[in-house]
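All remarks here apply to the structure that follows.
The values are calculated or read from the model by the stated rules, or taken from the named source; none is laboratory data. As the structure is a computational prediction, the values presented were derived from the model and not from experiment. So basically every Cβ, Gly included, is an ideal-geometry build from the backbone, and we count neighbours across all protein chains shown.
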């Protein structure tokens, strides 16, 4: 990286140190405020916007800056901008930002992106943060209505080699739908298709679940077939 000339403005000559310093102050201040008041600095808040603006001005080429701008775009409803900023950050080979990798994978799941795109995001996250024990969250359109339904999902989920642990979360006033939570098996490659097929077993009649299974080519194209 070329050094700034001696007559360059001070903020250019020391931009990397300033960037690190500002990050430390911002995130240190954030933790201090959380500890004092219990309030979090969330994407979309004025605090987050100010933080994103300062960091973008100090170091616009950094992948973490792209991430902050992506979250700003998402809060503004700019889906295209969000994807572009996130893919720009990922294209720079970012690996250390666990939140970025997790957020992008979850966003692709939320918008029901193609399986292949989700798999790339999940495995990038898994490969770079194998010991983080982060949880993947998958909202369900249909949850179990009986013990028989739950047992059917359990058989299918337990058969997925790359899923380390999983559980079903019942609807709550805050999240009024069933949610599937699961973790990676670090040494195994993730494939979201396996999970979609597992939960889709509820679409089959209970008496047919022992002899049939579900195969999906997309979120909307799932067919039953003999085991």
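Looking only at residues that are over 25 Å from the mean Cα position of the chain (by Cα) and outside any loop (DSSP other than H, G, I, E, B) in the stretch 202-216, which one is nearest to residue 144 (Cα to Cα)? Lay out the reasoning, then the answer.
First pass over the stretch 202-216, keeping only residues over 25 Å from the mean Cα position of the chain (by Cα): 202-214.
Right, trim to outside any loop (DSSP other than H, G, I, E, B) and you get 202-203, 206-208, 212-214.
Details: 202: 7, 203: 11, 206: 12, 207: 15, 208: 16, 212: 18, 213: 17, 214: 16 Å.
Only one residue tops the list, namely 202.
Would you mind listing the helices (runs of 4 or more DSSP H) fully within the stretch 80-181 where at least 3 residues are under 23 Å from residue 193 (Cα atoms) and in the same structural domain as residue 197 (by TED's automatic domain parsing)?
115-128, 147-158
Closer than 25 Å to residue 213 by Cβ, surrounded by 14 or more Cβ atoms within 10 Å (Cβ to Cβ), touching a strand residue (DSSP E or B) at 6+ places or on another chain (Cβ under 8 Å) and in contact (Cβ under 8 Å) with a residue 60 or more places away in the chain: which single residue out of 122, 180 fits that description?
122
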